[in-house]
Amino acid sequence: MNIPPLLSDLALILISAGLTTIVFKWLKQPVVLGYIVAGCLVSSQITLTPTVSGASDIGTWADIGVIFLLFSLGLDFSFKKLLNVGRTAIIAALVIVSFMIVLGFLIGLALGWGLVNSALLGGMISMSSTAIIVKAFDDNGLRSQKFTKIVFGILIFEDLIAIVLMVLIPTIFLGKSMEGTELIYSILKLIFFLVVWLVAGIYIVPIILRTAKRVLNDETLLIFALGLCFCMVLFAMKVGFSSALGAFVMGSVLAETLEAERIDRLIRPLKDLFGAIFFVSVGMMLNFSVFGEYIVPIIVLVLTVVLGQLVFATMGLLLSGQPLKVAIQSGFSLTQIGEFAFIIAMLGTRMQIIDDFIYPVIVAVSVITIFITPYMMKLTDPAYEFLEKRLPESWKNHLEKRASAGKSARSESLWRSLLLQVARIVVVYSILTVAIILLSTNYIMPFVLKNVSGVWGRLLAAGLTIVMVSPLLRAMVAKKNHSTEYKYLWAANRFNRAPLVIMIILRFALAFSFVAFILSRFFSAKVGLLVFIASVLVVMMMVSKRLKLFSIRLERKFLHNLNSREYEQDKKNVRDAGYKKVLASQLLSFDVHLVDYVVQQNADCVGKSLKTLNYRQRYGVHIVSILRGNRRINIPGGNNQLFPLDKVLVLGTDEQLERFQKEINLETEVNDENNRSVSIEQFEITADSPFVGKTLRESGIRENKGCMVIGIEHDGVSTMNPEAQTLFCEGDFVWVVGETEQLRKLMSKDTVTVVDEC
């Protein structure tokens, strides 16, 4: 009986990957390296082991692996995360990617590899590996460290840059146009389709999932999610983009739904399976003869990746206002390249725009840098101590000033805030309007004219198009005209009124242009008549109350779908999604942050009260919240006890939390900060404050208002864990932890009066 090559090859790949995975797990090395070694073993270059016969079939399976990898990455990505990573991560990521691309390009030219090879080399070495860093953080127990949140933010932004590069590479190199209109057109096309796909997907997909919720068991949900994924893959390829982009976009859409975690759990086995096949195919494409010939370039590139990522990441974080220790910790964590380097190298090889030796060279560099990643992370503290002792005092003072400036920086001006909001509205609604016009031109107009001829057909087609775009055009003109920023600027200075009016007029003119364009597509009337009709239609859109309500409903439905996971968390009483995030940036002078832990059954603290455990005095940490089942105890008192499986929210420095975790045998529970029901605030003791002249105990902040004072700054000197006898003086800055509602009451004038009476 003849066995199909695909079946025998798949069996060989999986058994090889399984065996090497066991070995590499035993050696405490990333399993990705095991997959690559498995690929080497089953390739034709090693004759001592069985080899794969149908490499082309395995290439197809590897492409499916890339789709699953990007789909899973999209599920974990969420464009809301991109908005929340903050300026620190964005600045650092831009510095790293920009300088690494330039450095890689220059290294490639110095090695004599030519323009195209060098340009793609820069892209390959510019982005760190998300999968490897997450695994290394877990293995080294670093997930509770404050700097890891910044690293994850950098990786999120780098992932998006990698997706953009994968889209632009075919245009730049196959189109033979390194600059000019072709490149600009490709970027605009990418932005256009991203906005349309994301808005349409977030609006439609959650509605379908909610409607079919009763029949969506695990099997049905898995098939439906994969169907959406591959439909978007085909659509992306149809309009000229890569399959990876389509998978990533659909993953990002599903990431905003209530079923995101369930989908991620269901596809994880498939992702692991096809991801393993992808990395095995990476190993199969290695050419061992290249290693001996290019050993010097490999060593040079390894040093370039390690030193370049380290230096530029540290520099980028220092520029963004982070302390030296956080910058060094992050820099040492990013010293490797991974999955996107493989994908870009494979893309360049298949398009035949890079030489064959580039692929095995970049894989060798990736393997070496992945292998040394855990050891680089362990060098963080020695490196920081070395620099701390040898840096000139003037440099250290300058870095401290930058960090202080970064944490005390105020929000953008009202003008800048208003202009950014209006620009975002105009761009998004303009793109959606263009998409509807294209849909009407290509599908609605031919269908209507085929069934209704003459002027009535043109009127019907034009009317349908204008009706579909009218909610978008009305929102484009009217939104933010009654916002707080707009009203304040209008009332603050009469010289602001002319620019504000001009801003409305320009948006009205843009809406008018869209309507006039639609009319001109269906009618060949005189210009004056078209202008008059278009103006009347836009004015009718602005004054229509029914259209206003419909436009508001559309936007609210979209926002509800976008924030559905947070709303669901509200219902479960885990966390009010409307609460603001923990204001940890205000505590950089103390270097403290919040971490969730789970009390293990054999922990020494089980059954003991917080008064007996006395964590504040022993470790300098605060227990600010205890979650027991569905019951949450915020700002627990000394008589509260800890029990197995309690989730405790603890505040402290990295060093304090590390000692605390080791001493009482707790395991870190990595949760999103949005799930916490406490936050941190800072206020100043003014001359008329009721706290002036009172001690911490006399103030009643904890006993009467359920808030905890964790720090006081007096005459520029910061004190953590102040004693109950500490006196409040005018000009002191006080940091308090508590429930957001309690903090809000504490800051209000009414509450201050109550505290004063107490």
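Every read-out reported here was derived from the displayed coordinates using simple, explicitly stated rules and does not represent laboratory data. As the structure is a prediction and not an experimental result, all values here were calculated from the model. Glycine also receives a Cβ, built like all others from the backbone with ideal geometry; neighbour counts cover every protein chain displayed.
Laid out as a table, the results:
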{"read-out": "Order by protection proxy (mean Cβ within 10 Å, highest first), peptides 493-499, 239-245, 89-95", "value": "89-95, 239-245, 493-499"}
{"read-out": "Calculated FRET efficiency for the pair Met237/Asp381, C-beta based, R₀ 56 Å, to 0.05", "value": "0.70"}
{"read-out": "Per residue convex hull volume, Cα atoms of region 414-562, in Å³", "value": "124 Å³"}
{"read-out": "Charged-residue dipole, Cβ positions (Lys, Arg, Asp, Glu), region 63-378 about Cα centre, Debye nearest 20", "value": "820 debye"}
{"read-out": "Cβ crowding within 10 Å averaged over residues, with 279-288, 223-232, 541-550 ranked highest first", "value": "279-288, 223-232, 541-550"}
{"read-out": "Overall dimensions of region 63-378 by Cα: Rg and Dmax, Å", "value": "19.5, 62"}
{"read-out": "Per-residue HN-Hα couplings for region 612-626 [Karplus 6.51, -1.76, 1.60; θ = phi - 60°; Hz; x = Gly/Pro]", "value": "5, 5, 6, 5, 4, 7, 6, 10, x, 9, 10, 8, 9, 6, 10"}
{"read-out": "Theoretical FRET efficiency, 1/(1+(r/R0)^6), r = Cβ-Cβ of Trp490 and Glu741, R0 35 Å, to 0.05", "value": "0.60"}
{"read-out": "Highest average packing first - 369-381, 152-164, Cβ atoms within 10 Å", "value": "152-164, 369-381"}
{"read-out": "Whole-Hz couplings from phi, Karplus 6.51/-1.76/1.60, listed for region 94-101; x for Gly and Pro", "value": "5, 5, 4, 5, 4, 5, 5, 4"}
{"read-out": "HN-Hα J in Hz across region 34-39 - Karplus 6.51, -1.76, 1.60, θ = phi - 60°, x for Gly and Pro", "value": "x, 5, 5, 4, 4, x"}
{"read-out": "Amide H contacts under 5 Å for Lys146, placed H, 5+ residues apart", "value": "none"}
{"read-out": "Inter-centroid distance (Cα atoms) of region 13-37 relative to region 364-394, Å", "value": "27 Å"}
{"read-out": "Long-range amide H partners of Ser625 with built H, under 5 Å", "value": "Ile635, Leu649"}
{"read-out": "Unit charges on C-beta of K, R, D, E only; dipole of region 424-496, Debye", "value": "160 debye"}
{"read-out": "Gained length - Ile204 relative to Leu168, 0.36 nm times residue gap less alpha-carbon distance", "value": "10.1 nm"}
{"read-out": "Cβ-derived FRET efficiency at R0 30 Å, Asp218 paired with Val434, nearest 0.05", "value": "0.15"}
{"read-out": "Between region 211-279 and region 418-480, the Cα center-to-center distance that results, in Å", "value": "30 Å"}
